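Notes to accompany the following structure.
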Amino acid sequence: MEEESASRRRYTEQEKAEAMRLARELGIRPAARKLGIPNGTVSRWLKRAGESEPVAKALEPPSPSAKAPRVAKSYTPSHRAQVLEHAAKHGVTAASREHGVSRWTIYEWRRKVRLAAEGKGESPTSGPPPSDLEAQRDREILEIWRKHPGLGPSQVKNQLRRQGVKVSVNTVRRVMEEAGYRPPKIKRQPHDKTFESTRPNQMWHLDFVHRYINRAPTFTLILLDDYSRFVVGHGVDDAERADLVVRTFEAAVERHGKPESVLHDKGAAFWAWRGISRFTKLLTELGVDQVVAEAKETNGKLEVFNANLQKELFDRHRFYDVGEMRRRLKSHLHFYNHRRTHHALGGLLVPADRHYGRVEEVLARIEAGGAGEDDPLRGRPLELFKVVSVDGRPEVWLMGQRLLPST
């Protein structure tokens, strides 16, 4: 290999015993300095002998020439090429001393260059300089932020991480602030009571979002799955009407199956103070439990969603009519379900990952350095109808709900 490795020093058993004896008395550093043996070699001998590091080392006064902890260096491709060229002419040890690069780093660069010549991987001496990489990073940050200006720094960071790009939230915040971003002032109310479903369709949240479009009142109904935060349905009308609630709920059940329970406030479209509302009759017919929230905090997940919908959609766009608002709302909800990362889901997952049961698959792809968007749901077959046998008894399932025998 190299002259250094060929002339590597060999130690006799007597030298090893003497070094370990001095290390027990004086400590590893003084003993290694006195005998001219590397510290790591003496420490390795002691470990092999089943002994821990001597206390004398801890009592040794710090050297006045002790340096600060080393920080990992970043080398440009041109700098690496210069170091390897110097090592080829004068040897690895000389190049290490001249350029301040460890010998093991130089050996690793040589190995990667050899593999690159064989077509196995990239060469460490080729590639763009760090300034170009930083510029590309900044462009990707601003591209996501300008496309979705309602997202904050942590959300932009998670969007990039899902695409396979690692960047700190502080860097994202700095780049966005230099481009004009100003963090909103939010007053948060402390709370310590939370709940979450354990499976999709265990509970749906329902609520209206009130907004004026050119002085015309609009009421947007949102149906949100508690477990996955997936929007299973939505509708728009000029008032809170029971017709919209019934129609939207039935369409969501046809597409995603019926929930076990629903949670909503005491709005007139959901609940009747006297008698039984149309929505309650529908839930009774379907066998769905109805839970009425006494306080808005109980329906907090949907309240937070509504606030984000205001911030990311309604406050960012000016709609000329209700038709345009409907189109933009549908596009935004598709982005929310399939592309927008969610803090409540860990930061890297989107609601569709949980709703369709692909959490492990997506996380594994992201951890492996890939992007979480390589396998969109639109190309995946979903099992809508199945017939199974449980203990010899046939069961018929449709959209995740058992039809026969009836529950």
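Every number here is computed from the coordinates shown, using simple stated rules; none is lab data. Computed from a prediction, not measured in an experiment: that's the story for all the values here. Note that we place each Cβ from the backbone using ideal geometry, even for glycine, and neighbour counts take in every protein chain shown.
In the chain, the calculated helix contribution to ellipticity at 222 nm averages -13500 deg cm²/dmol per residue, counting -39,500 (n - 2.57) for every DSSP H run with n ≥ 4. Projecting the Cα atoms of Ser102, Asn306, Ser74 onto the dipole axis of the chain, where Lys and Arg carry +1 and Asp and Glu carry -1 at the beta carbon, places Ser102 farthest toward the positive end. Database remark: amide H of Val232 closer than 5 angstrom to the amide H of Leu223, Leu224, Asp225 (H placed geometrically; neighbours at sequence offset of 5 or more, or on other chains; Pro and chain starts carry no H). Simple point charges give the picture: +1 on the Cβ of Lys and Arg, -1 on the Cβ of Asp and Glu, and for region 77-118 a dipole about the Cα centre of about 80 debye. Within the listed set Gly119, Gly152, Gly346, the residue fluctuating most in the Gaussian network model of the chain (springs between alpha-carbon atoms under 10 angstrom) is Gly119.
What the phi angles of region 145-150 give under the Karplus curve with 6.51, -1.76 and 1.60, with θ = phi - 60°, is a coupling list of 5, 6, 6, 10, x, x Hz, glycine and proline written as x.
How would you rank Tyr75, Tyr320, going from fewest to most other Cβ atoms within 10 Å of each one's own Cβ?
Fewest-to-most Cβ neighbours within 10 Å comes out as Tyr320, Tyr75.
Along the axis of the charge dipole computed for the chain (Cβ charges of +1 for Lys and Arg, -1 for Asp and Glu, origin at the Cα centre), the listed residues Gly50, Gly91, Ala135 are led at the positive end by Gly91. Listed from fewest to most Cβ neighbours within 10 Å, the set Ser277, Ser74 follows the order Ser74, Ser277. Of the residues Gln155, Ala179, Ser168, the one whose Cα sits farthest towards the positive end of the charge dipole of region 130-179 is Gln155 (charges of +1 on Lys and Arg Cβ, -1 on Asp and Glu Cβ, taken about the Cα centre). Computed from backbone phi, the HN-Hα couplings of region 317-328 come to 10, 10, 9, 7, 7, 5, x, 5, 4, 4, 5, 5 Hz, rounded to whole numbers (Karplus: 6.51 cos²θ - 1.76 cosθ + 1.60, θ = phi - 60°; Gly and Pro given as x). Summing Cβ point charges (Lys, Arg +1; Asp, Glu -1) relative to the Cα centre of the chain gives a dipole of roughly 1260 debye.
Compare Ser96, Ser43, Ser261 in a GNM of the chain, Cα atoms joined below 10 Å, and give the one with the largest fluctuation. Evaluated over the chain, the most mobile residue of the options is Ser43. Per-residue Cβ neighbour counts within 10 Å put Ile28, Ile213 in the sequence Ile213, Ile28, beginning with the fewest. Evaluated with a Cβ-only charge set (Lys, Arg +1; Asp, Glu -1), region 203-338 carries a dipole of roughly 440 debye about its Cα centre, given to the nearest 20. If both residues of a DSSP beta bridge must be in the chain, then about 80% of such bridges are antiparallel.
Here are some values of Kirkwood radius over Cα pairs in Å: [x] 24.4; [y] 27.7; [z] 23.6. Which one was computed from this structure? Among [x] 24.4; [y] 27.7; [z] 23.6, the one derived from this structure is [y]. For region 281-291, the Karplus equation 6.51 cos²θ - 1.76 cosθ + 1.60, evaluated at θ = phi - 60°, returns couplings of 4, 5, 5, 5, 5, 7, x, 9, 6, 10, 10 Hz by residue, with Gly and Pro reported as x.
Any chance you could run the full-extension gain for Glu118 through Asn214? It's 0.36 nm times the residue separation minus the Cα-Cα distance, nm to one decimal.
28.0 nm
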